Amino acid sequence: MDSATTRSGSEPLDVLVIGAGQAGLAMGWHLARRGLRFRIVDAGSEVGQTWRRRWDSLKLFTAAQYDGLPGMDFPAPRDTYPGKDDVADFLQRYAAKFELPVVLNARVTRLQRKTPYEIDTEQGPIRAHNVVVATGPFQTPFVPPMAGDLDASVVQLHGIEYRRPGCIPQGRVLVVGAANTGCQIAIELSATHEVEISVGQHLPAIPQRPLGRDVWWWMTRLGFTRITRDSWLGRRLSKRDVIIGGGVREMRRIGVVVRPRLSAAKGRSVVFVDGTSSEYGTIVWATGFRTDHSWIQISDVKDAEGRIQHRRGATSAPGLYVLGLTWQHTRTSALLGWVTRDAEFLADRISARCNPEPGAAWRSAARTAQAVP
């Protein structure tokens with residue numbers, strides 16, 4: 001495996017990609033096709049490590065035929081739903097097949113806007129003319145501050161730490177959060193535990209296979225996957241998630257008690273906004289993640305909450321891009337089989353920036369307009 005270090009006197013890379021998940025690898029494929037000098041760095045010890053750390057029974061809610069990356073289909077039968085280890089194995093094989101220059105154990109600790117960009121990693125500094133931040137939307141687990149008011153005897157874990165029902169002590173379990181992760185964990189635990197779920201916002205639920213077809217078959221043909229974030233409908237849809245599979249109605253059917261939003265916690269007891277309360281032995285916080293871009297020391301590309309501002313992945317800092325975010329361009333921007341659309345769009349922009357010969361930008365834009373909606 002290559003070292004991450006580039007000596008200060010050596011030629012900077014054309015592109016540094018930060019993150020070796022599906023977004024970073026798809027970007028690497030497109031950069032390689034354009035003949036650019038690039039490297040992909042990742043904090044993990046292996047490609048696909050983030051997927052391997054998820055709970056044992058996790059399966060994609062996209063069927064295998066929608067889960068490939070550019071140049072390689074997902075190796076599973078149509079209309080089957082790969083597990084998390086299947087995805088990790090696929091990403092490893094993908095990086096190996098295309099000999100992508102991935103550097104592992106190279107967490108980025110600082111990115112500075114200089115000419116070129118200077119990036120500090122745990123394996124040494126790197127200089128690059130362009131940087132693609134492909135670290136994904138799931139970075140720092142979020143747990144509400146009220147969790148600190150609970151007694152030490154209450155077992156607490158974030159959804160990212162959940163593995164299987166056998167690891168959860170017997171007794172009443174509260175799952176906090178009713179998006180896709182919370183619903184899946186609550187449904188699985190209900191077979192062996194007394195489970196309640198706290199629902200802060202009732203989200204619409206769509207069956208996995210309406211009328212016998214995968215939901216993404218319908219989404220693709222109805223044009224849902226091409227609705228952009230900047231459109232009127234996209235702005236409305238991006239403010240509310242959708243549960244694919246079992247939602248609140250399904251949980252009620254199998255005996256999961258549905259509670260409203262939490263308002264306070266003390267000792268072993270939790271209080272809900274309707275004034276009711278109950279005691280629990282275990283609480284699973286399926287409360288999502290927060291983005292942490294504190295290591296990006298370029299303040300004028302961030303909003304007041306520290307989030308990177310961009311337009312389809314391009315920031316106001318020349319040569320700085322983001323990739324693989326939820327609703328980066330469409331609802332599918334962060335999904336395994338669709339991230340290549342945004343990767344190709346950005347690779348064309350980067351290639352035109354690295355090779356500014358007459359007509360290059362126009363030809364790049366023309367290719368993108370034909371290939372990417």
What's the number of the condition G255 fails, among (1) surrounded by 15 or more Cβ atoms within 10 Å (Cβ to Cβ); (2) in contact (Cβ under 8 Å) with a residue 40 or more places away in the chain? (1)
Take the residues in the range 175-198 that are assigned to a helix (DSSP H, G or I) and of a type outside the set (V, I, T); name whichever of them is nearest to the chain's Cα centre (by Cα). N180
For the range 158-192, name all the residues that are among the charged types (D, E, K, R) and in contact (Cβ under 8 Å) with a residue 60 or more places away in the chain. R163, R164, R172, E188
Restricting the range 224-256 to residues that are within 22 Å of G177 (Cβ to Cβ) and of a type in the set (A, V, I, L, M), which is farthest from the chain's Cα centre (by Cα)? I254
Please specify each residue of the range 130-164 satisfying the condition of being touching a Gly at 6+ places or on another chain (Cβ under 6 Å) and either charged (D, E, K, R) or in a strand (DSSP E or B) (or both). N130, D151
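Here is a list: F142, F61, F90. Which entry is more than 16 Å from V17 (Cα to Cα), crowded, with 22+ Cβ neighbours inside 10 Å and in contact (Cβ under 8 Å) with a residue 12 or more places away in the chain? Spell out the reasoning first.
On the way: F142 fails: crowded, with 22+ Cβ neighbours inside 10 Å; F61 fails: crowded, with 22+ Cβ neighbours inside 10 Å.
Residue meeting the stated conditions: F90.
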Going by what's in this entry, would S263 be described as under 27 Å from V242 (Cα atoms), in contact with a strand residue (DSSP E or B) (Cβ under 7 Å, 6 or more places away or on another chain) and either at pLDDT 95 or above or not in a helix (DSSP H, G or I) (or both)? yes
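Residue-wise test of (1) surrounded by 15 or more Cβ atoms within 10 Å (Cβ to Cβ); (2) of a type in the set (K, R); (3) assigned by TED's automatic domain parsing to the domain that holds R110; (4) touching an Asp or Glu at 6+ places or on another chain (Cβ under 7 Å).
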residue	(1), (2), (3), (4)
R249	no, yes, no, no
V270	yes, no, no, no
V273	no, no, no, no
H310	yes, no, yes, no
Would you be able to tell me the number of residues in the range 257-285 that are under 11 Å from V195 (Cα atoms) and within 28 Å of the chain's Cα centre (by Cα)? 5
Here are some conditions: (1) within 18 Å of the chain's Cα centre (by Cα); (2) within 25 Å of M219 (Cβ to Cβ); (3) without any contact (Cβ under 8 Å) to a residue 60 or more places away in the chain; (4) part of a loop (DSSP other than H, G, I, E, B). R54 meets all but one. Which one does it not meet? (3)
Before we move on, is F61 over 25 Å from I126 (Cβ atoms) and not in a loop (DSSP other than H, G, I, E, B)? no
Please go through the range 326-336 and give me each residue that is surrounded by fewer than 20 Cβ atoms within 10 Å (Cβ to Cβ) and within 14 Å of V133 (Cα to Cα), ordered by number. T326
Residue that is part of a loop (DSSP other than H, G, I, E, B), at pLDDT 95 or above, more than 21 Å from the chain's Cα centre (by Cα) and assigned by TED's automatic domain parsing to the domain that holds M27, where the choices are A76, A96: A76
Of the residues in the range 222-260, those that are part of a helix (DSSP H, G or I) and among the acidic types (D, E) come to E250
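Matching residues to (1) surrounded by fewer than 19 Cβ atoms within 10 Å (Cβ to Cβ); (2) part of a loop (DSSP other than H, G, I, E, B); (3) among the aliphatic types (A, V, I, L, M):
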site	(1), (2), (3)
A304	yes, yes, yes
A317	yes, yes, yes
G324	no, yes, no
D348	no, no, no
Among (1) within 26 Å of the chain's Cα centre (by Cα); (2) surrounded by 13 or more Cβ atoms within 10 Å (Cβ to Cβ); (3) charged (D, E, K, R), where does R172 come up short? (1)
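Provide a single number: the residues in the range 210-223 that are over 19 Å from the mean Cα position of the chain (by Cα) and buried (at least 17 other Cβ atoms within 10 Å of the Cβ).
First, the residues of the range 210-223 that are over 19 Å from the mean Cα position of the chain (by Cα): 210-215, 217-223.
Within this subset, residues satisfying the condition of being buried (at least 17 other Cβ atoms within 10 Å of the Cβ) are 214-215, 217, 219.
Looking only at that region, the number is 4.
The values are calculated or read from the model by the stated rules, or taken from the named source; none is laboratory data. Here the structure is a predicted model, which is why all the values come from computation and not from measurement. FYI the Cβ positions are ideal-geometry reconstructions off the backbone, even for glycines, and counts take in every protein chain you see.
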